[in-house]
Amino acid sequence: MPEMKRTHYCGELRLADAGKSARLTGWVARRRDHGGVIFVDLRDRTGITQVVFDPIIDPEAHRAAHAIRNEFVLSVSGKVRERGEGLTNPNLLTGEIELATDELEILNVARTPPFAVEDDIDTAEDVRMQYRYVDLRRPKMQKMLQIRHKATLAARRYMDEQGFLEIETPILMNSTPEGARDFLVPSRLNPGKFYALPQSPQQFKQLSMMSGIDRYFQIARCFRDEDTRANRLLELTQLDIEMSFATREDVMEVTEGLFKRIFEEAVGISIPTPLRRMPYSEAMERYGTDKPDTRFGLELFDLSDLVADCDFKVFTGALANDGLVKGLAIPGGASLSRREIDDLTDFVAIYRAKGLAWIKVTEEGAFESSIVKFFSEDTLKAVSERMDAQPGDLMVFVADKPQIVADALANLRLHLGEKLELIDYDRFDFLWIIDFPLFFWDEEENRYEPSQHLFTMMPEEDIPLLDIDPGKARGLQYDLIINGEECAGGSIRIHQWELQQKIFEIMKIKTQEVTERFGYFVEALQYGTPPHGGIASGLDRMMMLMTGEKNIREVTAFPKTQNGLCLLTVAPSEVDDEQLEELSIRVDAVE
């Protein structure tokens, strides 16, 4: 067996090590034959060291080096030496030295990889997923995994310092109503019955508080059977926290400290705390969304009161049907062509807006549009003043139901932020959204639905509203937004059975359904539950933001594709009839 005990990693040696003996192990990143002397860039997870095979130093190692190809696995030993003037590589931390080899062991050969093991590659994602073990060798991917490790290590240290216990909760559990479909697992010992993989440890972490754990945390794997997107995965990792005898302020303070520690230790980014807070109503008014990207302006303005008496039927018709008229001013937008404005109209149509009205503010301060004839000069001036529209700007408007207006303009704002290069991508904006409505009204179901989940507590002064007007009650809910992405969300929980029962009644959930869906949980509420609250943060999404990636699969070791496939292991796959018979399952699906 060859000697493999390395003395250093490939990214560790420096000029101060010159003259020392060293043994390195790793993969061949590149081999160069300079007519007598062979150079090999040897790579491991820490970096690259240039290795020299010189026939004068070791003829045998030099002869063996002729067989080396990319991705061969080597063990080499020799003397560390300075490269010499004009031969250094400033792009490498080890660029001032090289290893003059006196011994070579080829530990394994390698087929030619399906793509170069380099950062700047233009390879289809499906190919990278199929050969993920090769893809993960690239320096960028190695760095991602190291940052992720530092993030989880920082989280564990911080939570321990704050007195939290890391508690593991079940992976096989009952199916519960969450925001997405459950992944179901058939039970062989209980034919016809199924476990569900947890969408979150929500109920178990609350049960931990009922059990006197007091402070719980977990780096938990969660599973959601939903369509994947650039910022969403089927299986994800969640930083999960729950605290007893805690207020909203307590949970938010611990969370701010956690994010501050993770960002500083994982990527060296300092976060000033306390973080800014914004009520839900303000976020919707100014940005049309409860997860606004506040790195740029381009805010929305409600103009309903100013245009209520105008002659433009598109606006007055929307207002007569309980709608809104809102708009935003595009800086320099007066120079946009009619075709470009039509493209913006097509864009808001994606979000069900029936149209996009517009008015240009000329350099002279006049107003130009086919619709200006429907407004008085005073109204146009009032509108432009409220929107802070400057000469050369373009004012655009959407008139429709409040939710359509919000969706259309919120997404248009983001679209324009990117298109007009208004976003500072080197900036991190942290923002708490608070004071959410406890309920939203579901017109199709003709009932109230929780804005977060069934167990969210409300401020004490809002409790009487449950009997008078539940739609006006606020939830003690809080979401942490980073650059327009929700990175954590939580709430103070209901801890009294009578209040929880009232929530079920408001939502028209019958007693039998409560027993079937939450029986064990509501029973536990009656055995002395302390006031408690918590929060959960998506580690994968946090990693995506910390590293500036736009695709969440880039920060995950072995992700599924957008179709939920693992191209590496070919999952999901069919199973044989014997396995299905053991599980009392018959498959009728036709491909």
inquiry  = Using only the Cα atoms of region 388-455, what semi-axes does the equivalent ellipsoid have when each is the square root of 5 times a gyration tensor eigenvalue? Give whole Å, largest first.
reply    = 32, 20, 10
Karplus (6.51, -1.76, 1.60) ³J(HN,Hα), θ = phi - 60°, over region 162-168, in Hz, Gly and Pro reported as x = 8, x, 8, 9, 7, 10, 8
note = Which residues qualify? For residue 493, with a placed amide H closer than 5 Å and at least 5 residues away or on another chain, they are 457, 532, 533, 534
ask   = Once you wrap a convex hull around the alpha carbon atoms of region 204-318, what is its projected area averaged over all directions, in nm²?
value = 12.3 nm²
inquiry  = If I take the Cα coordinates of region 350-492 and project them onto the principal axes, what are the three extents in Å, biggest first?
reply    = 56, 40, 29
query = Residues of the chain: accessible area per residue at 1.4 Å, in Å²?
reply = 51 Å²
note = Taking only protein heavy atoms and a 1.4 Å probe, the highest-to-lowest accessible-area order of 441, 432, 497 is 441, 497, 432
ask   = Cα gyration tensor of region 377-418, axes a ≥ b ≥ c as square roots of the eigenvalues: rounded (a/c below 1.5), prolate (a/b > b/c) or oblate?
value = oblate
remark   = Rounded to one decimal in Å, the inverse mean reciprocal Cα-Cα distance for region 500-555, i.e. its Kirkwood radius, is 14.8 Å
request  = Would you kindly derive the ³J(HN,Hα) couplings of region 363-377 from the backbone phi angles with the Karplus curve 6.51 cos²θ - 1.76 cosθ + 1.60 (θ = phi - 60°), listing them in order in whole Hz, with x for Gly and Pro?
outcome  = 4, 8, x, 7, 10, 10, 4, 5, 9, 4, 5, 8, 10, 6, 4
query = Going by a ≥ b ≥ c, the root eigenvalues of the Cα gyration tensor, does region 1-79 fall in the rounded group (a/c under 1.5), the prolate group (a/b larger than b/c) or the oblate group?
reply = rounded
Solvent exposure, largest accessible area first (probe 1.4 Å, DNA, RNA and ligands not counted), of 438, 172 = 172, 438
Shape box of region 258-396 [Cα atoms, principal axes, largest first, Å] = 59, 34, 29
query = For region 36-89, what does the alpha-carbon gyration tensor say about shape, rounded, prolate or oblate, given a ≥ b ≥ c as the root eigenvalues, a/c under 1.5 as rounded, and a/b over b/c as prolate?
reply = oblate
ask   = What would the Debye formula give as log10 I(q)/I(0) at q = 0.10 Å⁻¹ for the alpha-carbon point model of region 454-591, no solvent?
value = -0.66
remark   = With all protein chains in place and a 1.4 Å probe, residue 434 shows an accessible area in Å² (nearest 10) of 20 Å²
ask   = Treating the beta-carbon of each Lys and Arg as +1 and of each Asp and Glu as -1, no other charges, what is the dipole magnitude of region 7-76 about its Cα centre, to the nearest 20 debye?
value = 160 debye
task = Would you mind checking which residues have amide H under 5 Å from residue 107's amide H? H placed 1.01 Å from N; only 5 or more apart, or other chain.
result = 73, 74, 75
ask   = What's the angle, to the nearest 10 degrees (0 to 90), between helix 511-524's Cα axis and the longest principal axis of the chain?
value = 60 degrees
message = Run the Debye formula on the Cα coordinates of region 258-324, all scatterers equal and no solvent, and tell me log10 I(q)/I(0) at q = 0.24, 0.27, 0.29 1/Å.
response = -1.05, -1.07, -1.11
task = Using only C-alpha positions, report the orientation-averaged shadow area of the convex hull of region 120-165, nm², one decimal.
result = 4.3 nm²
remark   = Cα extents of the chain per principal axis, largest first, Å, are 93, 73, 54
query = Can you list the HN-Hα couplings for region 551-561, worked out from phi with the Karplus curve (6.51, -1.76, 1.60; θ = phi - 60°), rounded to whole Hz and with x for Gly and Pro?
reply = 10, 5, 5, 6, 10, 10, 4, 10, x, 8, 6
remark   = Largest-first ranking of 12, 498 by accessible area, probe 1.4 Å, whole protein assembly kept, is 498, 12
inquiry  = As a test question: what accessible area, to the nearest 10 Å², does residue 109 have when a 1.4 Å probe is rolled over all protein chains in place?
reply    = 100 Å²
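The values are calculated or read from the model by the stated rules, or taken from the named source; none is laboratory data. As the structure is a prediction and not an experimental result, all values here were calculated from the model. Neighbour counts run over all protein chains shown; Cβ positions are idealised from the backbone, glycine included. Note: areas computed on protein heavy atoms with side chains; ligands, DNA, RNA excluded. Shrake-Rupley method; radii C 1.70, N 1.55, O 1.52, S 1.80 Å.
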